[in-house]
Structures are given as C-alpha cells and as structure tokens.
Amino acid sequence: MKRFIVLAGAMFIICGSLSFAGGGGQQGSQPSGGVVLNYPHYAVGTHLSRPAWEAFYARFSEKYKGRITLKIEELPSDSVYADKMKVLAASKELPDVIDGKNGVRDLAVQNGQAVELTSFLNQDPDFRDKVIGPAAIAANTVDGKIYSIVNSSQVIGYYYNKELFQKAGITPAKTWDEWFSNCEKLKAAGVAPLALMTGENSWTTNLILSAMVASRGSAGQTLANAKHPKTYQTPEMIAALTDIQKCLRNYTTPDALGGLYANAANNFLMEQAAIIANGPWMIADFSNPEKTVPGFEKKVGWAMYPGDGLVTSYAEGFVLCSPPDRVEAGWTFLKELCSRESQMDNLRYMGSLPAAVDLQIPADVAEKMPMVVDHANAVGKMKYHGNTFDVTAYASVVDAFGRYYPELAAGTLTPAAMAARLDEAAAAAQ
C-alpha cells in the first residue's frame, strides 16, 4: 500500500434556496421528509464522476432517510452548470450546495450567500485536520476566512499514447525543446500531437500553459501559483504564451479552437491525438467501453511535464450557502460530500487522489489503476509546480483565455498583447 502525498483537492459550497424538480437523480420524484436541500449537479450521462455520485447518493439517502432529502437538478455538462450558477449568483438565488468551480465560489462570497466555515470546522477537529487536511484548508483560506472545502487532491501531468509515441520514435520529453521536437515528429508521423481546447475554461490548454510558466525559474513559479496576480505582463507569461501559440497553430486538432473538454478528451480516447493534459480522474475513462476501444488503457502512459514539473492544486471545491433554517442540514451534507467514504469512492471510481491525510491507496486500486500510484509518487520527484488558472485567476480571466486564444493562434494577437488583455480582464473583476 502507498500513502498519499496530499497537495490539492476539490471543494464544495452551500448556498441559497431554489425549488428544483427531481430527487436521487430521477426528475419528478417528491421529497420524502425532513429538511429539503436543493442540489444541482453535472454528474450525468457518461460524465466520469457519475459512478462516484451515484454511490454517494445511495449512501447518503439511506443514512439520512426521513431527516434530509435532496432535490436534484441534473445539468448536462460542467459548462452548463457553471453558466447557470453564475446567473443564479447574480440574483442571489444559489442553491444549498454548489461546486465552486470556474469562479462560482468567488461569486457566492461576493453576493453574501456563501457561509463562512471556520466555526463548523472547529467543531470537528478530526474532520478539519485529517479528512480535509491543513494543506487544503490553507490553500482555501482567504483573508483568514474559509468558504469551501475539498474532497480530492489534484496532481496533474499528462497522458500519452505509447503506440503513437513508438510510431514517431519518441519518448516523453525531458526539456521543452524536446517537447516541441516530439510534436514535430508526431506531426510528421501523421498524428496530431496535442488534444487542446479553448472553449469552456481552456482546461487542457491552460494546464500546459501553467507548467510552461512555472518551469521558468522562481519568478515563473511565483506567477503560476499566485492568487489574483498583480499582472500577467511578465517575461515568463509572455514566453509561455508564445509557446502555447506555437502549440495551437501547429500541433493540435482542427477542432481545438472553440472546442470543449469533450472534444479534447474524445480526440485522445479515439487516438486522434497523442497527448492530453489532465488529472488522474480521467484514468477510469481509458477502460470505459462507452468512451474508447477495448484495450486502450494498455496504450496509455503518464508523464510529468518537461523538467519534472506538475500542476498541483486544490480546486475551488464545495461551498455552503444555505439560509439559517437549513444551514445545519447543509453542513451535514457538505461533510458527507467530503467524507473519507466519498473520497474513497472518488478514488475507486475515477482515480481521484484523496485530500484526507490518513487514507491509503488500497492494493486492489493500485493493481487496477497503477498510474494513480505513479501520480502520488511523482510528488516527491517534482522540481517545479504550477497551479490551475481556474483556482488562481478571476473568472473573467479564465473566460478571457478562451476568448483570445483563437486570435493568438491566428497571429492577429501577439503574446504580449494577450497578456495585456488578461490584465484588463482581471481589472474588470476587481
């Protein structure tokens, strides 16, 4: 068994009141009694987190039957979820529990719905110190206040298709010069090197950008990990944007510009691209017959970024926004979402690394998903790391990446000019 090295995690937020149809993921069912909590989610259809959500819901419904009922609204994708929560935040109508991704947490804090969690956490030191952990608490403390907690950690490198690498005669790059040499060789072999996308939050593209920034010395690491940095107009960011421009122009798929995460994932899973930057929660997809061909998991390797770098983060997580008459029930729900049991479900079903400092990787999980162990062990070898822009940047900046990447790729916007646009987006959010 391997112990986890904890760096990062996912959080939950509890907010406002809405009347959603549905319960237990089935639209139209009625509350069965007790306090009713409104909860929207996007773990539907083929979403990789659906099995973990279903396991959680079954356990929670049985444990709190007659005391807490969840009224569920199912939203079809992460992006639809984030867009709807932003609209509801503007009218102070956020539901009881939300995922704070893509700037939603900050909006819940700004509109006054997010409940400050310090007093709740102090009532249960074991949950605070071991299930969530000091690193995750510190990462999500702003001006001494905690508005969200996590149920997983994020340790992110990139996945690659070993057969396509062999076809091109390459191995994972040790330097960024070798990275671009590999891209050239893959392209010459008739393979799109990178599964990039600039729609939604530009996730797979921005993970590589973060690593490129962080790899550029101490100043690069500082920028890549700074919460709401003063400026993006630095030599490190401009150089990294220059490299991303090269990737978008020469080494990705035709649908990358404006494409969604689903496009990038599909391109990798269907062997239309050789590399995708993503976290260990994607591992389960590699053996999912609904998403790829049988045996694909045997073709997938994992690597750190050139120079032994990682993107490490605690995601925005879940936030409590329940009104006073439901706040205790909301906190109970929040704790269950982030419990050891839920973290283990996320590990077993998705490969997500727990945030809990006392959880181990079970032997059967290590055997089934050895790359999960690789992720955990890589932390001790890491020589630099960046954070995700989803966590460090204003939501307006994350949106700006997607807005301006097509112009950057077309050459109508220079890397320096794009850095200036990012600053303008940050200023608009303040």
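What the table below lists for this structure:
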read-out	value
Tally, over the stretch 64-82, of residues that are over 16 Å from the mean Cα position of the chain (by Cα) and not in a strand (DSSP E or B)	6
Single unsatisfied condition, Ala363 versus (1) over 24 Å from Trp203 (Cβ atoms); (2) surrounded by 17 or more Cβ atoms within 10 Å (Cβ to Cβ)	(2)
Selected residue [touching a helix residue (DSSP H, G or I) at 6+ places or on another chain (Cβ under 9 Å), outside any helix (DSSP H, G or I), under 15 Å from Tyr405 (Cα atoms) and in contact (Cβ under 8 Å) with a residue 40 or more places away in the chain] from Gly199, Gly307, Gly301	Gly199
Test for Leu359: is it touching a residue at least 12 places away in the same chain (Cβ under 8 Å), under 28 Å from Ala52 (Cα atoms) and in contact with a His (Cβ under 7 Å, 6 or more places away or on another chain)	no
Matching option when the condition is farther than 30 Å from Gly411 by Cα and touching a Pro at 6+ places or on another chain (Cβ under 7 Å), among Gly295, Gly317, Gly330, Gly351	Gly351
Residues of the stretch 373-430 that turn out to be closer than 26 Å to Leu260 by Cβ, out of contact with any Ser or Thr (no Cβ under 8 Å at 6 or more places or on another chain) and not in a helix (DSSP H, G or I), as a count	5
Any hit, the stretch 212-235, residues being assigned to a helix (DSSP H, G or I), among the aromatic types (Phe, Trp, Tyr) and at pLDDT 95 or above	no
Cross-chain or 6+ apart pairs with Cβ under 6 Å, the stretch 34-53 first and modelled with pLDDT under 95, then outside any helix (DSSP H, G or I) and of a type in the set (Lys, Arg)	Gly34/Arg67
Count of the stretch 234-292 residues which are farther than 23 Å from Ala410 by Cβ and of a type in the set (Asp, Glu)	4
Subset of the stretch 250-285 that is assigned to a helix (DSSP H, G or I) and without any contact (Cβ under 8 Å) to a residue 60 or more places away in the chain - its residue that is farthest from Tyr349 (Cα to Cα)	Asn266
Test: residue in the stretch 324-335 that is assigned to a loop (DSSP other than H, G, I, E, B) and either at pLDDT 95 or above or crowded, with 21+ Cβ neighbours inside 10 Å (or both)	no
Odd one out for Ala52 among (1) out of contact with any Ser or Thr (no Cβ under 6 Å at 6 or more places or on another chain); (2) farther than 23 Å from Glu200 by Cβ; (3) part of a helix (DSSP H, G or I)	(2)
Output for the stretch 89-107, where each listed residue is within 23 Å of Ile68 (Cα to Cα), among the hydrophobic types (A, V, I, L, M, F, W, C) and either in contact with an Asp or Glu (Cβ under 6 Å, 6 or more places away or on another chain) or outside any loop (DSSP other than H, G, I, E, B) (or both)	Val97, Ile98
Qualifying positions in the stretch 387-412 - surrounded by fewer than 19 Cβ atoms within 10 Å (Cβ to Cβ) and closer than 17 Å to Ile238 by Cβ	Glu407, Gly411, Thr412
Subset of the stretch 54-81 [in contact (Cβ under 8 Å) with a residue 24 or more places away in the chain and of a type in the set (A, V, I, L, M, F, W, C)]	Ala55, Phe56, Phe60, Ile68, Leu70, Ile72, Leu75, Val80
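The values are calculated or read from the model by the stated rules, or taken from the named source; none is laboratory data. In this text the structure is predicted, and so the values were computed from the model without any measurement. For neighbour counting, all protein chains shown are included, and Cβ atoms are generated from backbone atoms with ideal geometry for every residue, glycine included.
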